[in-house]
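Written below as structure tokens is the structure these notes are about.
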Amino acid sequence: MPRTVFVTGAAGFIGSHLCEALLARGDRVFGIDNFDPFYDRRIKERNLAKLSAHPSFSFLEGDIRDASALARWGEGMPADALIHLAAKAGVRPSVADPVGYADVNVLGTIRVLDWARERRVPKLLFASSSSVYGGNTKVPFAEDDFVDRPVSPYAATKKAGELLCHTYCHLYGMNVVALRFFTVYGPRQRPEMAIHKFTRRILEGEGIDLYGDGSSRRDYTHIDDIVSGILGSMGAPPGYRVYNLGESATISLSDLVALIEKACGKAAVRRFLPPQPGDVPVTCADISRARNEIGYDPRTPIGRGVSRFVEWYRCEVTTRPA
Ligand SMILES: NC(=O)c1ccc[n+]([C@@H]2O[C@H](COP(=O)([O-])OP(=O)(O)OC[C@H]3O[C@@H](n4cnc5c(N)ncnc54)[C@H](O)[C@@H]3O)[C@@H](O)[C@H]2O)c1
């Protein structure tokens, strides 16, 4: 049955893919985004281009911290679900701007929770992050692992977001799902993220900076798998639930660069630098809970996902306006 779904951060990387998938299955979608200047507004406008033409998509340019913008958002339209993706994303920049991150990711999340409470939204999904596991050395990371030692302001704000979701669930009987995304990649990935940045620099013949000795490992999750995990979690059991959405496989930074070189058909010029504050040595998701409860079934191994990303990137640079 078609639903009415509200999506914050709709113009971003994950948000724009998610809105497309919701529309494709027949839902009515209301998006909001403030075009945060973290990266070029024109990229976000381009992310929205296909959506804007769809008759079931409505978009409001507005800030989730602004109660009057939220009041105008889809006014009078009952919501079946709210998917809260808007945030200041990224670990490293959060070290330089903890106040900005807390403002959007914590206070903004409270505004969104209040909005959902007032509008009696039956299901709220919150974009959390694998970064909440901090320097966890027990691999793979499971949802019940200890997550009280974040190592970046970004991670702390995501953990705070989860705590607030739990609080609203407890106080007001809301149904909330916190989804811990593990490094997401694919077409339209944020331009500062590793796979996008390395591809761009290798193809342009520029050197790439590698932090650490190349042995750090990440669980990279393809955007198609994240989107199906988000859609699946709309049917999660009631109350407060937490799910890891990862690929549940890791690759070292050195091997990732080798994959990108192969897909680009060009060698990278590597520059090794010390690890950055806030970085963690490994991320790897235990996805058994998500498999069992929401039917999550990731299907894109990193090798295939990287080749598809490079194909998309090549096409993107030749077709985007100057
Ligand atoms: N991409 C990843 O690897 C990853 C991993 C873990 C968690 N996440 C989380 O998933 C969500 C989406 O990430 P993404 O990679 O698509 O990032 P993104 O930056 O592309 O998307 C976030 C969107 O939120 C918008 N936004 C920021 N502040 C806002 C505000 N005050 N009001 C309204 N809109 C605002 C931005 O303009 C942007 O379009 C974020 O919550 C992020 O923390 C992402």
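Read the figures in this text as sums done on the coordinates, not as results from a lab. Fair warning: this is a prediction, and the values are worked out from it, not measured in the lab. Glycine gets a Cβ as well: all are built from the backbone with ideal geometry, and neighbour counts include every protein chain shown.
Things worth noting here:
- Geometric extent, Cα atoms of the chain - Rg, Dmax (angstrom): 18.9, 56
- Database remark: amide H of Val282 closer than 5 angstrom to the amide H of Arg217 (H placed geometrically; neighbours at sequence offset of 5 or more, or on other chains; Pro and chain starts carry no H).
- Sparse-neighbour loop sites [trypsin sites (Lys or Arg not before Pro); segment 125-199; at most 16 other C-beta within 10 Å; DSSP]: Lys138
- Segment Arg117-Arg271, length gained on full extension (0.36 nm per residue, minus Cα span): 50.5 nm
- When Val151, Val242 are arranged by Cβ crowding within 10 Å, least crowded first, meaning fewest neighbours, the order is Val151, Val242.
- Taking a sphere under 12 Å around the Cβ of Gly100 and counting the other residues whose Cβ falls inside, with K and R at +1 and D and E at -1, yields a net charge of -1.
- By the count of neighbouring beta-carbon atoms within 10 Å, fewest first, His17, His222 end up ordered His17, His222.
- Taking each of Lys88/Lys138; Lys123/Lys158; Lys88/Lys266 in turn, the alpha-carbon distance tops 24 angstrom for Lys88/Lys138; Lys88/Lys266.
- The modelled label-to-label distance for the pair Glu20/Glu311, using points 7 Å beyond Cα in the direction of Cβ, is 1.4 nm.
- Three-way shape label, segment 244-291, alpha-carbon gyration tensor, a/c 1.5: oblate
- For segment 272-280, Karplus couplings with θ = phi - 60° (6.51, -1.76, 1.60), whole Hz, Gly/Pro x: 8, 10, x, x, 8, x, x, 6, 10
- With helices as the sole contributors, the chain gives -12000 deg cm²/dmol at 222 nm; each DSSP H run of n ≥ 4 counts as -39500 (n - 2.57), and the sum is divided by every residue.
- Around the Cα centre of the chain, unit charges on the Cβ atoms of Lys, Arg, Asp and Glu (plus for the first two, minus for the last two) sum to a dipole of about 440 debye.
- Counting charges near Ser130 (Lys, Arg +1; Asp, Glu -1) among other residues having Cβ under 10 Å from its Cβ returns a value of +2.
- Segment 28-77: GluC sites (Glu not before Pro) in DSSP loop, at most 10 other beta carbons within 10 Å: Glu75
- Helical segments meeting 27 Å axial Cα length and Kyte-Doolittle -0.5 threshold in the chain (DSSP H): 153-172
- Net charge over other residues, Cβ less than 10 angstrom from the Cβ of Asn175 (K, R count +1; D, E count -1): +2
- Cα centroid of segment 160-175 to Cα centroid of segment 3-80, whole Å: 23
- For segment 232-313, the Cα gyration tensor yields ellipsoid semi-axes of 32, 18, 10 Å (square root of five times each eigenvalue, largest first, whole Å).
- Segment Asp213..Thr318, full-extension length gain: 34.4 nm, with 0.36 nm per residue of separation and the alpha-carbon distance subtracted.
- Within segment 183-322, antiparallel bridges make up roughly 20 percent of the DSSP beta bridges whose residues both belong there.
- For Leu245, distant residues with modelled amide H under 5 Å away: Arg180, Phe181, Phe182
- Among Cys165, Cys19, sorting on how many other beta-carbon atoms sit within 10 Å of each Cβ, with the fewest leading, yields Cys165, Cys19.
- Annotation: extensible slack from Glu206 through Ala258 equals 17.2 nm (criterion: 0.36 nm per residue apart, minus Cα-Cα distance).
- For segment 152-305: rounded, prolate or oblate by the Cα gyration tensor [a/c cutoff 1.5]: prolate
- Amide H contacts for Leu125 (H built 1.01 Å from N in the peptide plane; partners 5 or more residues away or on another chain; cut-off under 5 Å): Leu82, Ile83, His84, Val177.
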